[in-house]
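Working notes, structure below.
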C-alpha cells in the first residue's frame, strides 16, 4: 500500500543522500530545539562521511560561508556573547547542510518535499487548533468562537515556538500550495488537486487569523502577487489585487475590525524603542557587530525593551554582523543571485523562480516590523527553497 512517508517508498524513489534531506524536512515540524538537534546531527554525520567537504568543493564561493561563520564566532566570543557563539555554529551547520542539499536535489525530490510540507502543514494546523481550544478554556470560553488575543501567551504557535514564527511558516505553506496550483497543467482536468490545494490554503489562512499576526497578511499578498506576475498570470493577478484593495478599503472604513487594533500605537512605540537601541549600538560597532543575538546581549545597556532581536531584517543583520561581516558572505549571496537570474533568463521553470522570489519578497515585507526569518524552522525552510535552482544545475552550468 502506498504511503507517502513510507520507508519502502523512499527506498524505491530516492537514494540515501536524498533520504537524509527528507529526514531534515520532516524535522521542521518538530519543536525547534529538536529540529535544530536533528539538523546538527545530520550535518556532523555527513561531515564524518566526507559529504560536506565534497559539497564545499562543488559549490562555487561556498568557502565564504566558513569565513563568515568563523568571523561571527570570533566576534561573539570576543564580546562574551555566548548565545551568538552558539548561533554561529548553528548557522554554519545549516548552511553546510544546504550545500549538501544543492548537490543532491532533483525535480522529483523537490516536488516530493513540497508535497510533504503541504500535508504536514495541515497536521500543524490541527495541533494549533487544539492549542487554541485550550486557550479558550483557559479564559473560560466553553464554545468554539473566533477571538483575537493580544497577549503573546494567548496566541497560537503550533510547534513553532511563538505566534510570529508560526505566521511566517504559514506564509511559506500558502505559497507552496499556490506554487502547486500554478504547476497544474489544467485546473479543469485536475480539479480534485486544485480543490485540495485551495483547502490547504484556506486552513492555513484560518490559522494565520488565530495567530493574530498582522504583518503576515501583506507579506502573503505580496508573495502571491509576485508569483502571478513572474508566472505571467496577469489577469488572475489583477483579480486578486482588486480583492485585496477591497479588503483594505473595508478596514479603512471599519478600523475597529482590524486585528488587535487597540494596541497598534503601543506596538509601534515598542518597535521604535527597539530600533533606537539597535541603531545606537550599530553606531558604536559598525564594522563587526557583536555576533548573532546582539540585541538580547546589549539592550540592558540602553534600558531598551527586552526581546531577542531588533525586529527588523534591515537593522538586525547590521547590528549583529556589521558591515565587514555582511561583506564577508556577500560573494556567496551574489553567486546565488546570479544562478537564480540565469534560471529566469533561460526560462527553464518560471513557477520555481516565482516561488523563490515570492519567498524572498515575503521575508522583506514581514521583516519591516519583525525578524522572524532568523529562526531554525523559518530560516531553514526559506534557504531550502531559495537554494533549489540547482535542480537544473546541468542547464545552469552549460
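Give the number of residues within segment 97-141 that are touching a residue at least 40 places away in the same chain (Cβ under 8 Å) and either under 21 Å from residue 30 (Cβ atoms) or not in a helix (DSSP H, G or I) (or both).
24
Kindly indicate the residue of segment 359-397 that is in a loop (DSSP other than H, G, I, E, B) and modelled with pLDDT of 90 or more and also farthest from residue 120 (Cα to Cα) among those meeting that condition.
368
On the basis of being touching a helix residue (DSSP H, G or I) at 6+ places or on another chain (Cβ under 9 Å), part of a helix (DSSP H, G or I), surrounded by fewer than 18 Cβ atoms within 10 Å (Cβ to Cβ) and at pLDDT 90 or above, does residue 240 make the cut?
Here the answer is no, as residue 240 does not meet what is asked.
Every residue, every condition in (1) closer than 17 Å to residue 95 by Cβ; (2) buried (at least 21 other Cβ atoms within 10 Å of the Cβ), yes or no:
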position: 309; (1), (2): no, yes
position: 314; (1), (2): no, no
position: 322; (1), (2): no, yes
position: 331; (1), (2): yes, no
position: 346; (1), (2): no, no
position: 354; (1), (2): no, yes
position: 358; (1), (2): no, yes
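Return the only residue of 282, 298 being without any contact (Cβ under 8 Å) to a residue 24 or more places away in the chain, under 27 Å from residue 70 (Cβ atoms) and buried (at least 17 other Cβ atoms within 10 Å of the Cβ).
Exactly one of 282, 298 is without any contact (Cβ under 8 Å) to a residue 24 or more places away in the chain, under 27 Å from residue 70 (Cβ atoms) and buried (at least 17 other Cβ atoms within 10 Å of the Cβ), namely 298.
Within segment 1-53, considering only helices (runs of 4 or more DSSP H) that don't extend past its boundaries, which have at least 1 residues that are at pLDDT 90 or above and on the phi < 0 side of the Ramachandran plot?
In segment 1-53, 16-26, 32-48 are the helices (runs of 4 or more DSSP H) which contain 1 or more residues that are at pLDDT 90 or above and on the phi < 0 side of the Ramachandran plot.
Checking residue 282 against (1) modelled with pLDDT of 90 or more; (2) part of a loop (DSSP other than H, G, I, E, B): exactly one of these is not met. Which one?
Just one mismatch for residue 282, condition (2).
Sort through 77, 136, 120, 92 and tell me the only one that's closer than 21 Å to residue 201 by Cα and surrounded by fewer than 20 Cβ atoms within 10 Å (Cβ to Cβ).
120
Criterion first (out of contact with any helix residue (DSSP H, G or I) (no Cβ under 8 Å at 6 or more places or on another chain), surrounded by fewer than 18 Cβ atoms within 10 Å (Cβ to Cβ) and modelled with pLDDT under 90) does residue 265 satisfy it?
Yes: the conditions hold for residue 265.
The values are calculated or read from the model by the stated rules, or taken from the named source; none is laboratory data. Keep in mind it's a predicted model, so treat the numbers as computed, not measured. Virtual Cβ from ideal backbone geometry, glycine too; neighbours counted across all protein chains shown.
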